[in-house]
Amino acid sequence: MRAEPVLGLAMLILASLAGPWAHKSPDKETLVTQGPPSVGAKAPDFTLPSSEGGTLSLSALKGKVVVLYFYPKDNTPGCTREACSFRDERAEIAKRGAVVLGVSRDSLESHAKFTNRHNLNFPLLSDPDGTVLEAYGCWKPYSIFGRTALGVNRSTFLIDQEGVIRKIWRGVNVKGHDQDVLAAVDSLAPGNGRG
């Protein structure tokens, strides 16, 4: 038996258990008492390190509409398409008084490379321990090699000027998502349409 396939399989298993998508399962009490936020609920506040320097808090953005999106990993195909679509629509989103924030477990160093490589024009926030991902219910169980691990469920939250969640997209299909988000932002600011 050749060693390469066995070694490759072992590396894949280790990556699945320790990679950025792996996460310890929260205890049942936390899941029952907190649960994921829903439309009409106050968005959980957070403070995270930002790719634009320092930290950024959701509460500091009161008075603005916030497009908060959670994604699995920098520089992967789907995450790159999603980030670039928000980059391309940022001017339209900003015209409506809204800001875009991307969140993943990646480090600020990874975010810097991702931002520079794709000329991203909005902050990426680093949530290395997944606390904010958990607060927003963005973990999804995946089964790999007979083990269950939690990975990031690509999700977007539209938060109004008062910090209330007005729309949630879970299991986002990247194609056309930016347009869906723009339409929803428009619905929060009547008279602020394109043009």
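Values quoted throughout were computed directly from the atomic coordinates according to the rules given, and no laboratory measurement underlies them. Only a predicted model underlies this, so the values are computations on that prediction, with no experimental measurement involved. Glycine also receives a Cβ, built like all others from the backbone with ideal geometry; neighbour counts cover every protein chain displayed.
Ordering W139, W169 from the fewest to the most neighbouring beta carbons within 10 Å gives W169, W139. Which pairs in the list K64/K140; K62/K175; K73/K95; K62/K95; K42/K113 are over 23 Å apart, alpha-carbon to alpha-carbon? Where the Cα-Cα span goes over 23 Å, the pairs concerned are K64/K140; K62/K175; K73/K95; K42/K113. So which aspartates and glutamates pass the test for K167, namely a Cα distance under 13 Å, with those fewer than 8 places away in the same chain ruled out? Excluding near neighbours in sequence, the set is D180, D186. The amide H of V164, built 1.01 Å from its N in the peptide plane, has A43 as neighbours under 5 Å, considering only residues 5 or more places off or on other chains. Which log10 I(q)/I(0) values does the stretch 134-188 give at q = 0.21 Å⁻¹ under the Debye formula, counting every alpha carbon as one identical point scatterer? Once normalised to I(0) and log-transformed, intensities are -0.84.
Across all directions, the shadow cast by the convex hull of the stretch 88-148 built on its C-alpha atoms averages 5.9 square nanometres.
With neighbours defined as other Cβ atoms within 10 Å of a residue's Cβ, the residues V100, V174 order from fewest to most as V174, V100.
Residues S38, S51, arranged from fewest to most other Cβ atoms within 10 angstrom of their Cβ, appear as S38, S51.
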